[in-house]
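Structure first, then comments.
The values are calculated or read from the model by the stated rules, or taken from the named source; none is laboratory data. Because the structure is a prediction, the values reported are computed rather than measured. Positions of Cβ are backbone-derived with ideal geometry, glycine not excepted, and every protein chain shown enters the neighbour counts.
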Amino acid sequence: MDKVYLRNVQDTEELHLTFRYANEALKVNRDFNFCRRMDECVDEALTRIRNNVEKELNKRSKKKSNVDTPVALIPSDILVELHRKDSEDRISGITFAELLSDIGKGLELRVIDKSFELVLNRPWVGGLQLPSSIMAGYLVYPLKLELQFSTREHCLGQWYKALKPKSGVFNEKTIWEACSEGLIYMVSEADIDYYLKLVVTPRNEIGITGPPVEYISKSPVQAGPSDCPYEIRQRYTTKPLESPTQFRVVSYNLLADLYADGDYARKTLFPYCAASALKIDYRKQLFIKELVGYNADLLCLQEVDIKIFDYDLKPVLETYNFKGIMTPKGTCAEGIAMFYRSSRFELLNSYVLHLGDNIGSLPIFAPLWNKIKGNEKLATRICDRSTTLQLCLFQLKDTKRYVMVANTHLYFHPDADHIRLLQIGFSLIFVEHIYKQAVKEHNIADLQNIGLVFCGDFNSVPECGIYKLMTEKFVDSNFVDWSSNADEAVKDVELRQSFNMISACGTPPFTNYTTLFSACLDYIFYQSDSFDLIQSVPLPTVEQLSQNEAIPSVTFPSDHVSLVADLKFKSNN
């Protein structure tokens, strides 16, 4: 028996009804969807259903394509009734809330010649969409998958491909060739010029399924870019690290879509980049394949669109045993994200520090805050920033080794060296505070068993105070950064920090490379008395970065390049 799917989300009064009525003689085959209220009398809804079915039949009978359908076949009095199973007694005069209390006893909706079983809150696909760009050699998965009473991991997916018919329209005669199962598909060279179709069958944890939904791509599979420089870099990371005391770290500014999608980006920031290569549906294929190919254990990402985290990074990386934490920057649609391989790490604690909201209120910041708060312009500017710090404490599984990982993206403005230096100063105060707590809480007697890794886009070149503070542990009160803005000049402030830090990738000429600006802005700093550097993956050459004038480009998905480093705990011997 066909079904009427009823959906009522907990704590709401809305009731959604969906069924498909098909009658070949009447040339009808369509879905009917209704939204009613739980306290509504079922008779009112039946009247609405009857009117809609009648309207559809009348419309069909008037179409020229249906002249061979005798009007006499259309019932003069369309039957739309509710019954209990195996009963001819009509159900009327009760509300949907009352009706659904008997849903387990067998209820039927009868429409003309069809009987439909009423089922409540079956797994449901509310929306399905594939991306606009699909390339051979890259992963494809739903751009949008909205589920009710189901979870992504329990859904069934089936991929098909077909060439578009000469008519330009896919129909029931189109032959679809099965490609793969699952919600994620690695597109092959053999798929070029084919359109893809994804059929998703929603399912819950106990195996109950709902109606399948399909989506056909709007464009055919295209050839992907060849000779991407990240593929050369991935020769250094062909396998995951296996030693229980080693791990691989990646830091990467992905270039948020909100900064790449617009006239200013296309005409001013990145005019050299092909418009198609700036689109997020194109770029995300590249940076996801790049991230996966590094076989890393920790990913520290900046400029991550919330929607990209939710619909792309999280579902794809979860299939590679990653778990992710997203931290938006204030009310902004982008932020920072950290992923860790759950087979290697156990997350013990995670912290978020929104600097602007907290530097004037947290007691641990008071000594530094009291020195700068008297400069109103300075205090206002630093407190108005949405700069955020992620801090996580991990334990390497099956060991007594702990890794504290910080991830941030500091303020970008050219006249703000003093703001950035203060931001990293406050951040390190917070990190040291949490570090001491962790040592005490986990009874870490040998401090070589815990180490700090600090990643991010620091928007600061090696000559500035941030690099000096991180690697030399001290910045004096006369340092040039304090005067980067005359009205906000920082007076009588020196910064110290207690960690012995080294830049894993050194100070390369460029980690950001555009025609307007290029420099080393990104770093993976590691605590040298806890870790040794195994390798840092060589960065792209100037020739590679400038092959299409600058980046982003058809082979680089961001205006930054990723940093990749392998670290190991020092021996206790």
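I'd like to check something: does region 239-249 contain any residue that is surrounded by 16 or more Cβ atoms within 10 Å (Cβ to Cβ) and out of contact with any strand residue (DSSP E or B) (no Cβ under 9 Å at 6 or more places or on another chain)? Steps first, answer last, please.
Quick first cut of region 239-249, residues surrounded by 16 or more Cβ atoms within 10 Å (Cβ to Cβ) only: 240-241, 245-249.
Retained after the next criterion (residues that are out of contact with any strand residue (DSSP E or B) (no Cβ under 9 Å at 6 or more places or on another chain)): none.
So far as region 239-249 goes, no, none of its residues is surrounded by 16 or more Cβ atoms within 10 Å (Cβ to Cβ) and out of contact with any strand residue (DSSP E or B) (no Cβ under 9 Å at 6 or more places or on another chain).
Out of all the residues in region 513-531, which are assigned to a strand (DSSP E or B) and either free of Cβ contacts under 8 Å to residues at least 12 places away in the same chain or of a type in the set (A, V, I, L, M) (or both)? Full working, then the answer.
Start the filter on region 513-531 by keeping residues that are assigned to a strand (DSSP E or B), which leaves 513, 518-519, 522-527, 531.
Within region 513-531, 519, 524 meet the criteria.
Of all the strands (runs of 3 or more DSSP E) wholly in region 286-378, which have at least 2 residues that are over 19 Å from the mean Cα position of the chain (by Cα)? Break it down stepwise before answering.
Working: elements: 298-305, 322-328, 334-341, 345-354.
Output list reads 345-354.
Residue 115 passes all but one of (1) surrounded by 19 or more Cβ atoms within 10 Å (Cβ to Cβ); (2) in a strand (DSSP E or B); (3) outside the structural domain of residue 192 (by TED's automatic domain parsing); which number fails?
All conditions pass for residue 115, except number (1).
Could you look through region 76-112, keep only residues that are of a type in the set (Asp, Glu) and assigned to a strand (DSSP E or B), and pick out the one that is surrounded by the most Cβ atoms within 10 Å (Cβ to Cβ)? Show your work before the answer.
We begin by selecting, within region 76-112, every residue of a type in the set (Asp, Glu); these are 77, 81, 86, 88-89, 98, 102, 108.
Cutting the leftovers down to assigned to a strand (DSSP E or B) gives us 81, 108.
On the way: 81: 16, 108: 19.
This residue is 108.
Consider residue 235 against the criteria (1) without any contact (Cβ under 8 Å) to a residue 24 or more places away in the chain; (2) farther than 30 Å from residue 535 by Cα; (3) not β-branched (Val, Ile, Thr): it satisfies all of them except one. Which criterion is unmet?
Single failed check for residue 235: (2).
Filtering region 155-173 down to residues that are at pLDDT 95 or above and farther than 18 Å from residue 132 by Cα, which residue is surrounded by the fewest Cβ atoms within 10 Å (Cβ to Cβ)?
Filtering first and then ranking leaves 156.
Is there a residue being without any contact (Cβ under 8 Å) to a residue 24 or more places away in the chain, within 25 Å of residue 460 (Cα to Cα) and among the charged types (D, E, K, R) anywhere in region 384-396? Explain how you work it out, then say what you get.
Taking region 384-396 as the starting set, the residues that turn out to be without any contact (Cβ under 8 Å) to a residue 24 or more places away in the chain are none.
No, the conditions are met nowhere in region 384-396.
Yes/no per residue for (1) touching a helix residue (DSSP H, G or I) at 6+ places or on another chain (Cβ under 8 Å); (2) not polar (S, T, N, Q):
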| position | (1), (2) |
| --- | --- |
| 233 | no, yes |
| 251 | no, no |
| 264 | no, yes |
| 267 | no, yes |
| 276 | yes, no |
| 288 | yes, yes |
| 292 | yes, yes |
| 297 | no, yes |
| 326 | yes, yes |
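Of the residues 257, 263, only one is surrounded by fewer than 16 Cβ atoms within 10 Å (Cβ to Cβ) and in the same structural domain as residue 505 (by TED's automatic domain parsing); which?
Details: 257 fails: surrounded by fewer than 16 Cβ atoms within 10 Å (Cβ to Cβ).
When all the criteria are applied, what remains is 263.
Could you count how many residues in region 444-498 are buried (at least 21 other Cβ atoms within 10 Å of the Cβ), in a loop (DSSP other than H, G, I, E, B) and of a type in the set (Phe, Trp, Tyr)?
1
Is there a residue being at positive phi and free of Cβ contacts under 8 Å to residues at least 40 places away in the same chain anywhere in region 191-200? Let's see the steps before the verdict.
So in region 191-200, the residues at positive phi come out as 193.
Those left that are additionally free of Cβ contacts under 8 Å to residues at least 40 places away in the same chain: 193.
Yes, some residue in region 191-200 is at positive phi and free of Cβ contacts under 8 Å to residues at least 40 places away in the same chain.
Test residue 137 against the stated conditions and say whether it is free of Cβ contacts under 8 Å to residues at least 24 places away in the same chain and either under 28 Å from residue 48 (Cβ atoms) or part of a loop (DSSP other than H, G, I, E, B) (or both). Lay out the reasoning, then the answer.
On the way: free of Cβ contacts under 8 Å to residues at least 24 places away in the same chain: no; either under 28 Å from residue 48 (Cβ atoms) or part of a loop (DSSP other than H, G, I, E, B) (or both): yes.
The answer is no for residue 137.
Of all residues in region 267-285 being part of a helix (DSSP H, G or I) and among the hydrophobic types (A, V, I, L, M, F, W, C), which is farthest from residue 514 (Cα to Cα)?
Selected residue: 280.
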